[in-house]
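Okay, so here's the structure we're looking at.
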Amino acid sequence: MIDETVAEIREMQTHSSSVVAVKAARALGDLLDREYATLDEFERDLDHNTGALRRANPSHASLHRAMRAIADAVIDDAETVEEGKHLLEATIEREVERIEAGKREAAANAARTFEDGETFLTHDYSSTVLEAVEAAAVGGTHMTAYVTEARPRYLGRKTARTLAGMDRVDSHLAVDAAAGYLLREADPDRVVVGMDCIVGDTLYNRTGTFPIAAAAAEVGVPVVVVGSGTKIIDDGFRFENESRPPSEVMLEPVDGITLENPAYDATPISLVDQVITDEGVREF
């Protein structure tokens, strides 16, 4: 299961970084069924696998923190293999609950900020943003959502379909290049996006976030970021962008053309008005 999870994370089959972190933590449960002759052997295997999972996507702060937390809580803190396994099992459950609770609380805090009749624009696919919108809608709030496609993987289409399935939400889908047009013509009350992570004074999120935030600043539309506080990180974490397969952009290679397909872009936090996490609302 660990090897399969590493492969899945590398291929970005799961879009939510919180879900990725939970899957990685759960995958470490495989070690509970393995036989170890010594405690040192068990700890070396744990260190190797937390490292492999962490390196599978070095851009995910939630994954980084979860793997570090599990390794730090178990290695050098047990006296026997059995004790180490008990500690690992308990730590996995604690980390999973911490991640899921943070996501739930962030969504709940964001849900309370939606107003009846509000129009917002969102980009890509954020399970936390969707959870917040659904909670607000269930509470009786009517909203209009404009969603950009998030090419080339079109994850925005998944977002638009999910929103269309919610009562009290009017869902619209547009091409990425129409974001500036929508910010002027649809006149949304705000932009609401998720986050991969915030490191220092930079928000890292799916490519396309930066130009939307820059355009929003130009026309005076506030930008709100929603996500677990575990994604705000600076202790030893260095964000590493990824280049997605060129085939996502163009199926057939063309001589003389180098295809660029970065997974994330960097948005200065100065373009962000609010960050909503499980810890509350932070103004900028």
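The values are calculated or read from the model by the stated rules, or taken from the named source; none is laboratory data. Since this is a predicted model, take the numbers as computed values, not measurements. Here Cβ is always computed from backbone atoms with ideal geometry, including for glycine, and neighbour counts include all displayed protein chains. The protein model used for the area step is the full one, side chains on, heavy atoms only, and it has no ligands, DNA or RNA in it. Shrake-Rupley method; radii C 1.70, N 1.55, O 1.52, S 1.80 Å.
Structure above, values below:
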{"quantity": "Accessible area of region 1-158 belonging to carbon and sulfur atoms, whole % at 1.4 Å probe", "calculated": "44"}
{"quantity": "For region 212-278, the spread of Cα positions along each principal axis, largest first, Å", "calculated": "46, 36, 16"}
{"quantity": "Projected area, mean over directions - the chain, Cα convex hull, nm²", "calculated": "16.5"}
{"quantity": "Residues of region 201-284: accessible area per residue with a 1.4 Å probe, Å²", "calculated": "53"}
{"quantity": "C-alpha center-to-center spacing [region 129-156, region 100-127] in angstrom", "calculated": "8"}
{"quantity": "Percent of beta bridges antiparallel (DSSP, the chain, rounded to nearest 5)", "calculated": "40"}
{"quantity": "Region 79-219 pair-distance distribution - Cα-Cα, 5 Å bins, rounded %", "calculated": "2, 10, 17, 19, 18, 13, 7, 5, 4, 3, 2, 1, 0, 0"}
{"quantity": "Cα extents of region 95-149 along the three principal axes, largest first (Å)", "calculated": "36, 27, 14"}
{"quantity": "Compactness of region 13-139, expressed as Rg and Dmax over alpha-carbon positions, Å", "calculated": "18.1, 63"}
{"quantity": "Length gained when the stretch ALA90-ALA178 is fully extended (0.36 nm per residue, less Cα-Cα span)", "calculated": "26.9 nm"}
{"quantity": "Difference of contour (0.36 nm per residue) and Cα-Cα distance, VAL138 to ASP47", "calculated": "28.4 nm"}
{"quantity": "Packing-based order for 57-64, 252-259, 216-223, using average beta carbon neighbours within 10 Å, highest first", "calculated": "57-64, 216-223, 252-259"}
{"quantity": "Between region 177-242 and region 17-73, the Cα center-to-center distance that results, in Å", "calculated": "29"}
{"quantity": "Solvent-accessible area per residue for region 1-148 (1.4 angstrom probe, square angstrom)", "calculated": "43"}
{"quantity": "Stretch gain in nm, segment GLU115-ASP170, where the contour uses 0.36 nm per residue and the Cα spacing is subtracted", "calculated": "18.4 nm"}
{"quantity": "Contact order relative to length of the chain, as percent, for alpha carbon pairs under 8 angstrom and 6 or more apart", "calculated": "18"}
{"quantity": "Value at 222 nm in deg cm²/dmol, rounded to 500, when DSSP H runs of n ≥ 4 in the chain each add -39,500 (n - 2.57)", "calculated": "-14000 deg cm²/dmol"}
